[in-house]
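Report on the structure given below.
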Amino acid sequence: MIKLHPETPMLSSFVAGELPASVSVIIASHVEMCSVCQQEVERLTLQAANACFGESNVMPMAGVDSVQIDDEFGSFSLEAELDSNELSMLEAITGMAPERDTIVNTAVVEDKEIEVSGVRFTIPRALRAVEMKPFQGLGKLSRSRLSLEDGDIRTSILHIDKGGSVPTHTHKGFEITLLLQGSFEDEMGTYHAGDFIWLDGKHTHQPVTKTGCVCLTVSSNAIRFTKGVSQLLNPIGQFIY
Amino acid sequence: MQKSDGIPHFVEVNNIISSQSEDQVPAELSSWLTLVASQRDKRAFTAIFTFFAPKIKRFGIKQLNTEAMAAELVQETLSKVWNKAHLFDPSKGAATTWVYSIMRNASFDMLRKIKTKNELLLGDDIWPIETEEHSDSEVYADHLMERQMVAYVDQLPEAQQLVVKGVYFQELSQEQLAKQLDVPIGTVKSRLRLALAKLKEQVGESHD
Ligand SMILES: [Zn+2]
C-alpha cells in the first residue's frame with residue numbers, strides 16, 4: 001500500500017509541464033505505480049485543459065453519428081477568421097502526406113528490465129528512452145546515473161543490498177526518492193514500493209534496508225553527512241546522489 | 001432572421017466562431033476530429049484549427065516566451081492533431097483534454113531543447129497519450145496495405161493511374177479531375193471503374 005504521494009500543487013505543476021525533466025520523470029514513475037495519483041492526474045489534466053481551452057460541457061461521446069460536414073458548414077468560409085500566417089500554416093499542415101510511420105513508434109510498450117547485484121527490477125516507462133550509465137558499486141550500494149542533463153539536478157537509480165544503509169545525512173537542496181522495489185526504514189518510518197519521499201534541507205535521515213531495495217532518486221544538491229565519523233565520508237555523498 | 005437553405009448553417013458556424021471569445025468549446029469538436037481521422041476532412045480541420053490556434057499560441061507565449069516559438073508550438077501541436085486524429089477516442093474523454101496533452105508534451109520537449117540543447121524527447125514518455133493497445137498493429141497492417149496498394153497503382157496504365165491517384169491520394173472530386181485532365185466526367189468514371197477492378201484482382205491474388 002502506497003502511503004506517500006506527491007502533493008497536489010506539485011501534481012498540478014507536473015500536469016502543466018512546468019517542472020524540470022528529472023522531477024517530471026520521477027513523478028511520472030510514481031504515477032505509473034499509483035492508481036490514486038493516476039486519477040488525480042486525470043482530474044488535473046481536465047482542469048488544465050478547461051483553463052486553457054474553455055469549459056467542455058459536452059459529455060464524452062460513445063460514437064459519432066455520421067456528421068454531414070457539407071451541411072454543417074454550408075458555403076461559409078472559416079478561413080476568413082485567420083490571418084495570413086495562420087492560413088499558410090493551415091495549408092502546410094493539411095498538405096502533409098499521411099505520416100503513419102510515426103504511429104508504429106507508439107507500439108505497445110515493452111517493459112525494460114535490468115539486473116543489478118543479482119536483483120531484477122523493471123525500469124519505469126517514463127525512463128525508457130533515458131540512457132543509464134553503468135552501475136558503480138561501493139559496499140552495499142550501487143548507483144547508476146541517468147543522462148538527463150537537467151542542470152544541477154541529478155537523477156540516479158540506487159540499489160542498496162540487504163542489510164545496507166546510508167549514513168545519517170542531510171540535504172542541502174531537495175531529494176526525492178521513489179522506492180521502486182523492496183522497502184527501507186528511517187527515523188520517520190517504513191517505506192514500501194511506490195512511496196514518494198520528498199526531503200529538503202530541514203530533514204536528516206539514515207535509511208536502512210533489511211530486505212534490500214531499488215530507488216529512483218532525484219536530488220538538487222549533493223548530500224552531506226552530519227554525524228561524527230560519517231563526516232569523513234562526505235565524498236560518498238557525492239557518489240550516492 | 002432570414003430563412004433560406006444556406007443561412008441557418010451560416011449562422012451556426014458564425015456562432016461557433018463568435019462564441020470562442022467567450023471560451024465555450026464547440027460541441028462539434030469531437031465529430032470534427034472524427035471526420036479528420038476518417039476522411040482527412042479539411043473543412044473540419046479548419047474549424048479545429050480556428051478554435052485552437054489562438055489558444056495554443058497564448059499558452060506558447062506563456063511557456064516559451066517568444067512569439068516565434070509559440071507559433072512553432074501551434075504548428076507542432078496541430079500537425080499532430082491532423083496526423084493522429086485516428087488515435088483520439090471520444091469515449092475516453094474530451095477532445096480538449098486530448099489536444100491539451102499533445103500541446104503540453106510538445107511544449108515540454110521544445111522548452112527542454114532550448115534550455116539544455118538536448119534532443120531527447122521525453123514528453124510522450126512522461127505523459128503517455130492513451131491509445132488502444134491493439135490499434136498499433138492494425139494501423140501498421142493498414143500501412144503495409146497502403147504501401148502495397150501504391151505499388152499496384154504504379155503498375156496501372158498511366159491514364160488510370162492519374163485518376164486513382166487524384167481521387168484517393170489527392171482527394172479530388174471526380175468533377176475536379178475531369179476538369180484537370182480535360183476529359184468528360186464519364187471518362188473519369190469509366191477509367192476509375194477499370195482501375196479499381198484491376199486493383200481488386202491483384203489484391204485478391206496476393207491474398208490467396
Ligand atoms: Zn500516488
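Before moving on, here are some points about what is shown:
- Simple spin-label estimate for residue B:67 and residue B:179 in nanometres, 7 Å along Cα-Cβ: 3.7 nm
- For residue A:112, the lysines whose Cα comes closer than 30 Å to its Cα, not counting residues fewer than 8 places off in the same chain, are A:3, A:133, A:140, A:162, A:210, B:80, B:84, B:92, B:113, B:115, B:117.
- Averaged over B:39-50, number of beta-carbon atoms from partner chains that fall within 10 Å: 5
- Taking a straight line from the alpha carbon of residue B:165, these lysines sit under 21 Å away, with near neighbours fewer than eight places off in the same chain left out: B:42, B:179, B:189, B:198, B:200.
- For the pair residue A:114 and residue B:39, a Förster radius of 45 Å applied to the C-beta separation gives a FRET efficiency near 0.50, rounded to the nearest 0.05.
- Going from the fewest other Cβ atoms within 10 Å to the most, the residues A:143, B:112 appear in the order A:143, B:112.
- Ranking of B:111, A:138 by count of other Cβ atoms within 10 Å, fewest first: A:138, B:111
- Listed by Cβ neighbour count within 10 Å, with the fewest neighbours leading, A:8, B:77, A:94 appear as A:8, A:94, B:77.
Laboratory data are not the source of any read-out in this text; all were calculated from the coordinates shown. From a predicted model like this one, the values you see are computed outputs, not experimental measurements. Because the Cβ atoms are built from the backbone with ideal geometry, glycine has one as well, and the counts that use them run over all protein chains shown.
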